[in-house]
Structure formats: C-alpha cells, structure tokens
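Inspection log for the structure reproduced underneath, given as structure tokens.
What follows draws every value from the coordinates through simple rules; no lab data is involved. Keep in mind that this is a model prediction, so the values were computed, not measured. Cβ sites come from the backbone with ideal geometry, for glycine too, and all protein chains shown count toward neighbours.
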Amino acid sequence: MKQTFEPKHNYAKTFGSDMKISMKASMVLCDVIRNKPLTRSRRLLEDLIAQRRSLRGKYYTKAAKAILLLLNSCEKNAEFKGLDTGRLFVHASAHKGTNIQRRRRKGAFGSTMKSTNMEIMLVERGKQPKDMVSKKKIKEQLTKKSDVDAEVEKEKEDLKRDLDTVKKEQEELKKDVEEAEQTSKTKMEEEKI
C-alpha cells in the first residue's frame with residue numbers, strides 16, 4: 001500500500017491490509033479522529049466500542065475495534081522510535097481493499113466480501129510540554145556549580161593550604177634537627193680533642 005503523504009515531523013505508522021470491516025464505517029471514523037491528539041482519539045474509539053457515545057446515531061463497533069488495535073500498535077511503534085507520546089497527533093486514512101468472492105454451488109450465485117486497507121500515522125507535533133527540559137538547560141545545570149559544590153571546593157583549598165603549611169613546618173623542623181645534630185657532633189668532637 002502506498003503511503004498517503006510524508007510528514008515533515010517525526011512519525012510512526014502502521015498498515016492494516018484487507019481488513020474485514022466496512023469501508024464506509026472506517027472512513028467515517030478516520031474523518032473523526034484525523035488531526036486529533038492520540039488520547040482524545042483513543043477515548044472516542046473506546047467510547048464507541050462501549051456504546052457510551054455514537055456518531056450519526058451509530059456505534060461502528062467492529063470498525064472501531066479494528067482501528068483501536070491499529071492505533072495501539074502504532075503507539076508502540078512511536079514509543080520504540082522514542083517519540084513524545086504527549087505530542088502525538090493521529091492521521092488515519094481508509095482505502096478500498098480487494099473484493100473476495102464467496103462461491104456457491106452454481107457459479108452465478110455467491111456473495112462478494114469487501115475489505116478495507118487502513119493506514120494510521122502518529123505525527124509528533126505541537127508545543128513541547130513545559131515540564132520537558134531542553135538540552136541547553138540540562139548542560140547549564142550540569143556545568144553550573146551548586147552551593148554545596150562551592151563549599152566543598154573551598155574546604156579542599158583550605159585543606160591544601162593547611163597541608164602546605166604543615167609540610168613547610170616539617171621541613172623547618174628537619175632543618176632544625178639537622179642543625180642541632182651537627183652542633184652536637186661538633187661539640188662532642190671538640191670535647192674529645
């Protein structure tokens with residue numbers, strides 16, 4: 001089946017070929033759910049199946065069940081692609097499928113069973129939800145130091161300074177000890193002589 005159009009935004013799609021549903025009913029449902037958010041269109045189809053809501057006085061139960069299955073499959077495809085489920089809009093289209101002849105004993109008798117080809121696409125568009133954080137903001141937050149990090153850095157610098165002063169004091173003490181040892185050696189040598 002040929003794709004009806006190529007969206008500009010990211011999308012996921014599913015096809016249903018030769019589905020045993022009425023083409024007229026599926027066209028009516030596709031017209032109703034087209035360009036609506038995923039949640040609203042799913043709720044409408046579930047209400048039609050449960051017969052809580054009707055379109056033109058009809059429930060279109062069989063077609064609604066088939067379209068809902070395709071819609072759920074397309075949502076799984078969108079999740080696999082990593083699309084944002086809050087920004088998905090439905091594009092649904094129905095086309096005439098093949099005619100299947102059900103034959104009887106005599107060639108002239110029998111019935112033709114009609115089928116429908118369906119295409120459902122979930123297109124990611126619309127405004128980005130406010131709770132989503134952009135990549136720039138994430139980078140800024142990662143590079144920006146918090147108050148705790150700043151305190152830790154100050155403590156590290158203070159500890160380094162203290163360590164340097166302790167090392168200097170140890171070196172001075174070593175020098176003093178060496179000088180004291182040398183002076184004591186020289187005094188002992190003088191006493192021996």
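If you count Lys pairs in the range 11-124 whose Cα atoms are under 16 Å apart, skipping same-chain pairs closer than 8 places in sequence, the total is 14. Rounded to the nearest 20, the Cβ-based charge dipole of the chain about its Cα centre (Lys and Arg +1, Asp and Glu -1) stands at 4380 debye.
Peptides 79-85, 13-19, ordered by how many other C-beta atoms sit within 10 Å of their residues on average, highest first, read 13-19, 79-85. Here the residues ILE49, ILE100, ranked from fewest to most Cβ neighbours within 10 Å of their Cβ, fall in the order ILE100, ILE49. Computed over the chain, the per-residue total of -39500 (n - 2.57) for DSSP H runs of n ≥ 4 gives a 222 nm mean residue ellipticity of -17500 deg cm²/dmol, rounded to 500. Among LYS192, LYS62, a tally of other beta-carbon atoms within 10 Å of each Cβ gives an order, fewest to most, of LYS192, LYS62. Relative to the Cα centre, the charge distribution of the range 11-124, modelled as +1 at Lys and Arg Cβ and -1 at Asp and Glu Cβ, gives a dipole magnitude of about 860 debye.
Of the residues ALA150, GLY82, LEU68, the one whose Cα sits farthest toward the positive end of the charge dipole of the chain, with +1 on the Cβ of Lys and Arg and -1 on the Cβ of Asp and Glu, is LEU68. What angle, in degrees between 0 and 90 and rounded to the nearest 10, separates the Cα long axis of helix 38-49 from the longest principal axis of the Cα atoms of the chain? The two axes meet at around 40 degrees. Computed from backbone phi with θ = phi - 60° and the Karplus coefficients 6.51, -1.76 and 1.60, the 3J(HN,Hα) list for the range 157-163 is 4, 4, 5, 5, 4, 4, 5 Hz; x is used for glycine and proline.
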